[in-house]
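Q: Attaching a single structure in structure tokens format; questions to follow.
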Amino acid sequence: MDETKRVPYLETELIDFLSKSGHSEENIIFAIALQEQFGLIKKLNMVKGKDAIISNEYVWGPNHNKIAQTIARLDFGSKQNLKEIIDLIQRVQGYPFESLPPIDQNLVLTAIKTGMINPVTIKSSRGIQKEFAFCPNMLEPLSYRDDILDDVKLLLASIRSGENYVNGGDKMQENGG
């Protein structure tokens, strides 16, 4: 479940990845079945005869199917790169886009288009514009209205702007970025 809160995986990819991390295949298959039974993860069979996509709909909310279908098409290395970025953003909501580790911009665009990453732009009265990245996570209740969450994201992005940029937005603070 912890792995699927960052990116959806094909079932064989997830089993292989967790096996290489030291878990027995038998325990992995049992854990997947148990979590699926309790509705904690979901297996999506998009194409007959192909691997199921294992995803966490509680994290991705209404974009769950679109995200799972799109991410399932990526190669494992791209998924791992995207997973690292998503993990970073989930840990520090409102992370400055320009401070993200180097990653293929097509992956970032895919994540934005599917709703994995939600950009928020802050523009200062001096015309300085910065973008901040947000991701859905399990702590964010899906029952809030979108306009309330948008206001919260704008407030947090404004705070992050103040935390990270000094001298009119030209420099990152050493301890804040």
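The values are calculated or read from the model by the stated rules, or taken from the named source; none is laboratory data. None of the values given here were measured: they were computed from a predicted structure. Using ideal geometry, Cβ is built from the backbone for each residue, glycine included, and neighbour counts are taken over all protein chains shown.
Q: With D51, D75 as the choices, which residue is surrounded by fewer than 17 Cβ atoms within 10 Å (Cβ to Cβ) and more than 17 Å from M1 (Cα to Cα)?
A: D75
Q: In addition: Being more than 25 Å from N63 (Cβ to Cβ) and modelled with pLDDT under 85 narrows it down to one residue among G22, G39, G49; which is it?
A: Testing whether each residue is more than 25 Å from N63 (Cβ to Cβ) and modelled with pLDDT under 85 leaves just G49.
Q: Let me ask something additional. Quick test of your reading of the structure: G39 fulfils all but one of (1) without any contact (Cβ under 8 Å) to a residue 24 or more places away in the chain; (2) assigned to a helix (DSSP H, G or I). Name the failing condition by number.
A: The one condition G39 does not meet is (2).
Q: To continue, here is another question. Of all the residues that make up region 88-111, how many are more than 19 Å from N164 (Cβ to Cβ) and surrounded by 15 or more Cβ atoms within 10 Å (Cβ to Cβ)?
A: Of the residues in region 88-111, 3 are more than 19 Å from N164 (Cβ to Cβ) and surrounded by 15 or more Cβ atoms within 10 Å (Cβ to Cβ).
Q: To continue, here is another question. Looking at M116 and the list (1) touching a residue at least 40 places away in the same chain (Cβ under 8 Å); (2) within 15 Å of T4 (Cα to Cα); (3) not assigned by TED's automatic domain parsing to the domain that holds V152, which single condition is not satisfied?
A: Condition not satisfied by M116: (3).
Q: Among (1) modelled with pLDDT of 90 or more; (2) surrounded by 14 or more Cβ atoms within 10 Å (Cβ to Cβ), there is one condition K66 misses while meeting the rest; what is its number?
A: Only one criterion is unmet by K66, namely (1).
Q: Among (1) out of contact with any Pro (no Cβ under 8 Å at 6 or more places or on another chain); (2) on the phi < 0 side of the Ramachandran plot; (3) not in a helix (DSSP H, G or I), which single condition is G127 missing?
A: Condition not satisfied by G127: (2).
Q: Only one of these conditions is not met by P96: (1) closer than 30 Å to A72 by Cα; (2) at pLDDT below 70. Which number is it?
A: Against the list (1) closer than 30 Å to A72 by Cα; (2) at pLDDT below 70, P96 comes up short only on (2).
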